[in-house]
C-alpha cells in the first residue's frame, strides 16, 4: 500500500514535468506563405480539349490563337505542397494541395472554336464548354 501511495504523486509530478517541458520547447519557425507564377505552352491541333481540375485548382478558359494551348499558373500556399500536372492526348489534368492557405488559379488559353469538356472548378468565356 505504501508503494502505491508514493507512486501516484510521483506519476503526477512526472506528468506535469513532461507537460511543462513539451510546452516550453521552441516549435521552430512558423511556416511562411509562398507564391509562384509559371507558364507552359502545349501544341494543340484538335477540336476538343478536356480539362480536369483537382484539389485547390480553379481553371479559367479563354479563347486565343490557333495551334497552341497556353497555361498560366498562379500558386499560393503555406507549409508543404503537392502539385500534379499532366498533358496527354489533348487532356490537361491539374491538381494542387497544401498544408494551409491553398490557391491555384490557372488561366488556359485555347484556340477559338475549341470544344472544352471539364471536371472540377472550371469557368469558360466565349467557348463551347460543358462538363465531361
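No lab work stands behind these numbers, since they all come straight from the coordinates. Predicted, not measured: the structure shown is a model, and the values here were computed from it. Virtual Cβ from ideal backbone geometry, glycine too; neighbours counted across all protein chains shown.
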Per the rule of 0.36 nm per residue minus the C-alpha distance, extending residue 131 to residue 74 adds in nm 18.2 nm
Checking rank on 119-126, 33-40, with mean other Cβ inside 10 Å and highest first, the result is 119-126, 33-40
Here the Kirkwood hydrodynamic radius of segment 46-117, Cα-based and in Å, equals 12.7
